[in-house]
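Read the structure below first, then the notes.
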């Protein structure tokens, strides 16, 4: 019991020392270390041509995180809601810098929503079967399947292509190594 108290005390002191170290944030996030701002790759006229307005963006990646449609996005008739969602993703691909293969490989979660209301299609991304951290794009469609908005983002194609150069084994650690 005494050794457990000593161990607990040592852990508390170590954690408080690490948190109190000047210049060190105990909530370190490697994603936030890239402070360089990247602009969106599409101009205002190009956005207008697609029929969207970017309400918010992730400046470190130059990607939109909230997009609203500015014109009616008709849903394709006679196709499944999944196919409609994927068609919307393909139409938005230039905005998110996605390659055709990225659109094809994006994993669509089961659509959610009320029968008489909006539907949400959530796309996730994987590389070598491993989920890409923070890579999720949700498309909000009205009950007819017309696109209303998009939130989130997927990793841009150029980053995915670079990551795919590494074999899957480069990302695997044993349980002992991971802890």
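The values are calculated or read from the model by the stated rules, or taken from the named source; none is laboratory data. If you're wondering where the values come from, they're calculated on a predicted model, not measured in any experiment. Cβ sites come from the backbone with ideal geometry, for glycine too, and all protein chains shown count toward neighbours.
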For helices (runs of 4 or more DSSP H) lying entirely in region 1-115, having 1 or more residues that are modelled with pLDDT of 95 or more, more than 16 Å from the chain's Cα centre (by Cα) and closer than 20 Å to residue 162 by Cβ picks out 100-105
Going by the structure shown, is residue 140 touching a residue at least 24 places away in the same chain (Cβ under 8 Å) and not in a loop (DSSP other than H, G, I, E, B)? no
Residue match in region 160-179 (condition: surrounded by 15 or more Cβ atoms within 10 Å (Cβ to Cβ), closer than 25 Å to residue 43 by Cβ and free of Cβ contacts under 8 Å to residues at least 40 places away in the same chain): no
Give the residues of region 70-80 that are surrounded by fewer than 19 Cβ atoms within 10 Å (Cβ to Cβ) and closer than 29 Å to residue 159 by Cβ, sorted by residue number. 70
Which numbered condition in (1) surrounded by 12 or more Cβ atoms within 10 Å (Cβ to Cβ); (2) out of contact with any helix residue (DSSP H, G or I) (no Cβ under 8 Å at 6 or more places or on another chain); (3) free of Cβ contacts under 8 Å to residues at least 12 places away in the same chain is the only one that residue 112 fails? (1)
Members of region 122-140 found to be buried (at least 16 other Cβ atoms within 10 Å of the Cβ), modelled with pLDDT under 95 and touching a helix residue (DSSP H, G or I) at 6+ places or on another chain (Cβ under 7 Å), listed by number: 127
